[in-house]
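A short worksheet on the structure shown next.
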Amino acid sequence: MPIPLQDGWLYGPVDSRRYGRSLGVNPLPLDRKLCSLDCLYCQYGFTRTQEVAGRAEVPSMEDLAAAFDREFARLAAADDIPDRITVAGNGEPTLHPDFYEWSRLLAESRTKYFGATTQIGLLTNGLHLNKPDVISGIQEFYDEPAMKLECGTPECFAGLYQVSPKGLQRTLNGLHQLNSFVIQALFIHSPSADNAAPAEVAEWLKHLETFRDKIRHVEIYTLDRPAADQSDAQRVRVARLNEIADQVRAIDLTAEVFARESDV
Ligand code: SF4
């Protein structure tokens with residue numbers, strides 16, 4: 001079953017073991033997912049089954065700026081200062097046409113109300129790094145941008161994300177333009193794409209090596225709930241995730257596996 005979409009432009013703050021007090025930002029429509037990929041494992045269900053008639057309405061830059069100001073002022077007055085703000089939301093945040101501008105306003109509001117110790121993170125699929133304002137926005141306003149890179153070959157990219165295989169090279173080209181980022185990689189087994197297969201992981205590691213000086217660390221995941229009804233994606237065992245993490249460490253990168261404690 002898909003999980004519900006975020007129903008606001010800001011959500012939380014909630015207490016997170018990883019990030020401390022954590023506030024989410026959703027700069028995307030409230031009534032549908034807006035994404036350029038169609039991941040087999042997407043928690044919001046398949047992109048292609050979303051309503052696609054007309055242009056999805058994203059919030060305006062002005063509405064987002066007003067929401068940042070209003071909510072950050074309220075939290076500061078209540079002395080509820082988040083440790084971290086994470087931009088993600090109902091799909092791919094860099095698809096917003098004013099990504100650079102509202103990211104600047106977000107960073108300004110963060111500093112004004114919380115101070116610069118509140119970190120700003122970004123979760124992105126990395127497909128839109130061909131746009132100069134996306135690159136500039138990420139470099140200038142995000143403390144911890146996390147990039148999705150989890151395939152070694154174009155065939156895996158096409159099968160896992162149900163898009164053109166050319167997207168892999170486009171993503172790699174974009175990553176070369178960034179100075180520093182985290183890699184997030186989710187592994188699944190599926191007849192359409194098995195990115196945990198040894199040959200696929202070997203190709204993925206070659207890509208990581210080309211970015212070794214830019215990668216802060218590598219985060220490794222698998223599904224933490226069953227995939228959407230339409231998908232045949234299966235979880236990867238933690239033992240296999242640990243093997244992959246060891247292979248990452250063998251190329252002098254730090255890696256951490258995030259899996260449920262009940263997993264084996
Ligand atoms: S990039 Fe994220 S939001 Fe988009 S389809 Fe994949 S998992 Fe879903």
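The values are calculated or read from the model by the stated rules, or taken from the named source; none is laboratory data. This one's a predicted model, so the numbers in the text were calculated from it and none came from an experiment. Here the Cβ positions follow ideal geometry from the backbone for every residue, glycine too, while neighbour counts run over all protein chains shown. Accessible surface is based on the protein model in full, side chains and every heavy atom, while ligands, DNA and RNA are left aside. Shrake-Rupley method; radii C 1.70, N 1.55, O 1.52, S 1.80 Å.
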Residue in the stretch 32-47 that is farthest from the ligand (Cβ to nearest atom), counting only those that are in contact with a helix residue (DSSP H, G or I) (Cβ under 9 Å, 6 or more places away or on another chain) and open to solvent by less than 30 Å² (accessible area, probe 1.4 Å): Leu40
Count of the stretch 203-252 residues which are charged (D, E, K, R) and either open to solvent by less than 70 Å² (accessible area, probe 1.4 Å) or touching a Cys at 6+ places or on another chain (Cβ under 9 Å) (or both): 5
Residue match in the stretch 123-140 (condition: among the small types (Gly, Ala, Ser) and either touching a strand residue (DSSP E or B) at 6+ places or on another chain (Cβ under 7 Å) or under 24 Å from Trp204 (Cα atoms) (or both)): yes
Condition check for Phe187: among the aromatic types (Phe, Trp, Tyr) and free of Cβ contacts under 8 Å to residues at least 40 places away in the same chain: no
Single unsatisfied condition, Leu37 versus (1) modelled with pLDDT of 95 or more; (2) within 30 Å of Asp80 (Cβ to Cβ); (3) in a loop (DSSP other than H, G, I, E, B): (2)
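Going by the structure shown, is Thr86 part of a helix (DSSP H, G or I), buried (at least 19 other Cβ atoms within 10 Å of the Cβ) and within 16 Å of the ligand (Cβ to nearest atom)?
In short, no.
Identify, please: which residue in the stretch 14-31 is open to solvent by 10 Å² or more (accessible area, probe 1.4 Å) and among the hydrophobic types (A, V, I, L, M, F, W, C) and is, among those, farthest from Ile85 (Cα to Cα)?
It comes out as Leu30.
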